[in-house]
Amino acid sequence: ILKLKPIRVIIGASLAYLIANITFSSDRVFFMTFNMGLGEATISAVLMMITLAGVATVPFISKLATKADKKDVFKNVLGICGILMIASKFIGVDSMAVLIAVCLIYALANACYWQLMPSMIYDVCEVDELMSGENRSGTVISLQALSESVSIAVGLQMLGVILEMAGFDSEAAVQPDTALEWVENAFVLIPGAAMMAVALIMRKFPMTKEVFERVKDALEKREKGENPDVTQLTEIFR
């Protein structure tokens, strides 16, 4: 299965994004508590805002995906969000307004991933069926689910090691400057860099609307008993 280029690319993009996701999600309460000095009620309100913003973004992402290739929407949204996350590091997340902006950027990226990634994975399953002659969608989806587990484990381990080396102690009321610096890096810089990595990886993804239509056409011909010529597609997916 991993011989197919679309599968390698989509798994790589999934790994990169989920590392960004788990790093941001695991670090945000630390950042809001120790760097921003926010109380539990305010933190809960911010977390609720992230959830609501993600839901509100779904129609926007859906409309974009109907007007352009899912690949391009996914790549561009994640790339822009990554740039903005990194930019916020240099601007300084030291006010409520900037904190909310960062959380809204994350909500947009997260909604884009969870809305478009499953759809692109099913597109890849169609490609695999065409090239292999077998319906192995269960295996492809299981492989992506495995990548999710791996990226979550790697992201959590990486965050733990980074914060430990920076001298962070979640039990302490006051953190050293180095720890606060790396809590902020894990909040915006590392997720932003991972999102930009997703955009760069997705540049190699060969699936476009035009290509997918050719794949579907070839599958329909095969179902009718015809022998479709897939040699023109082989070069794209190698």
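Restricted to segment 62-114, and to residues there that are farther than 30 Å from residue 35 by Cα and basic (Lys, Arg), the residue that is nearest to the chain's Cα centre (by Cα) is 75. Does residue 20 satisfy being surrounded by fewer than 23 Cβ atoms within 10 Å (Cβ to Cβ), on the phi < 0 side of the Ramachandran plot and among the small types (Gly, Ala, Ser)? No.
For segment 182-220, a residue qualifies if it is farther than 23 Å from residue 78 by Cα and open to solvent by less than 80 Å² (accessible area, probe 1.4 Å), and the qualifying residues are 214, 215, 216, 217, 218, 219. Among the residues in segment 115-130, are any open to solvent by 10 Å² or more (accessible area, probe 1.4 Å) and under 30 Å from residue 33 (Cα atoms)? No, because not a single residue in segment 115-130 is open to solvent by 10 Å² or more (accessible area, probe 1.4 Å) and under 30 Å from residue 33 (Cα atoms). Filtered by the rule that a residue be of a type in the set (A, V, I, L, M), in contact (Cβ under 8 Å) with a residue 60 or more places away in the chain and assigned to a helix (DSSP H, G or I), segment 1-49 gives 7, 9, 10, 11, 13, 15, 16, 18, 19, 20, 22, 32. Here residue 86 meets the list (1) open to solvent by less than 10 Å² (accessible area, probe 1.4 Å); (2) at pLDDT 95 or above; (3) not hydroxyl-bearing (Ser, Thr, Tyr) almost entirely, failing just condition (1). If residue 167 passes every condition in (1) part of a helix (DSSP H, G or I); (2) of a type outside the set (D, E, K, R); (3) more than 21 Å from residue 113 (Cβ to Cβ) but one, which one does it miss? Result: residue 167 fails condition (1) only. Going by the conditions given, is residue 109 open to solvent by less than 10 Å² (accessible area, probe 1.4 Å) and assigned to a helix (DSSP H, G or I)? Judged against the criteria, residue 109 is a match.
The values are calculated or read from the model by the stated rules, or taken from the named source; none is laboratory data. The structure displayed is predicted, hence computed values, not measured ones. As a convention, Cβ positions derive from the backbone with ideal geometry for all residues, glycine included, and neighbour counts pool all protein chains shown. The accessibility values were calculated without ligands, DNA or RNA, using every heavy atom of the protein model including side chains. Shrake-Rupley method; radii C 1.70, N 1.55, O 1.52, S 1.80 Å.
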